[in-house]
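S.K.: Encoded as structure tokens, here's the structure I'll be asking about.
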Amino acid sequence: QVQLVESGGGSVEPGGSLRLSCASSIRSYSFDIMGWYRQAPGKERELVATITSGSSTNYADSVKGRFTIAKGNVKNTVFLQMDSLNPEYTAVYYCYARPWVNAAGSWGQGTQVTVSS
């Protein structure tokens, strides 16, 4: 089981920005894929963005142009820059990592993002 530690959530007004971080202590190899999912109250967990070891990215349509996912300089770290936030983005954001193809994925503990005036 891969352990993932998230940080960077909080409260922000509409139009504001937040940057989420996720890190694993594993440095001996690069994960196949890392990313972010979110779960709003009363809704299912949904994809936000992912990035592969080859730096290919995938975004949910609702965040394209507003969010940017990037890998950190330290192996197996990932960031999510969230700009132009609006209240519909309020949710718990979870970091996700899959160490290699066909491996079971792991989740972070989640970090709350609240967008409200």
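The values are calculated or read from the model by the stated rules, or taken from the named source; none is laboratory data. Predicted model only: the values in this text are computed from it and were never measured. Here the Cβ positions follow ideal geometry from the backbone for every residue, glycine too, while neighbour counts run over all protein chains shown. Just so you know, the surface numbers come from the protein's heavy atoms only, side chains and all, with ligands and any DNA or RNA stripped out. Shrake-Rupley method; radii C 1.70, N 1.55, O 1.52, S 1.80 Å.
S.K.: Give the carbon-plus-sulfur fraction of the accessible surface of the chain in %, rounded to a whole number; probe 1.4 Å, heavy atoms of protein chains only.
M.R.: That share works out to 46 percent.
S.K.: Could I ask something else about it? Hey, rough spin-label estimate for Gln109 and Ser62, points 7 angstrom out along Cα→Cβ, what's it come to in nanometres?
M.R.: 2.6
S.K.: How many nm separate the modelled label positions at Ser55 and Gln1, each set 7 Å beyond the Cα in the direction of the Cβ?
M.R.: That separation, rounded to one decimal, is 3.4 nm.
S.K.: I'd like the GluC sites (Glu not before Pro) in region 1-105 restricted to DSSP loop residues with at most 12 other Cβ atoms within 10 Å, sorted by number.
M.R.: In loop regions of region 1-105 (DSSP not H, G, I, E or B), the sparsely surrounded GluC sites (Glu not before Pro) are Glu44.
S.K.: Sort 17-23, 111-117 by packing, meaning the average of other beta carbons within 10 Å per residue, with the highest value first.
M.R.: The packing order, highest mean first, is 17-23, 111-117.
S.K.: Here's a follow-up. Could you tell me what % of all Cα pairs in the chain have separations over 26 Å?
M.R.: Pairs farther apart than 26 Å: 14 percent.
S.K.: With each label point set 7 Å from Cα along the Cα-Cβ vector, what nm distance links Glu13 and Val101?
M.R.: A separation of 4.9 nm, rounded to one decimal place.
S.K.: If R₀ is 35 angstrom, what is the calculated FRET efficiency for the pair Ser84 and Ile26, using the beta carbon separation as r and rounding to 0.05?
M.R.: Computed FRET efficiency for Ser84 and Ile26: 0.60.
S.K.: Just the number please: accessible area per residue for region 40-117, 1.4 Å probe, all protein chains included, in Å².
M.R.: 53
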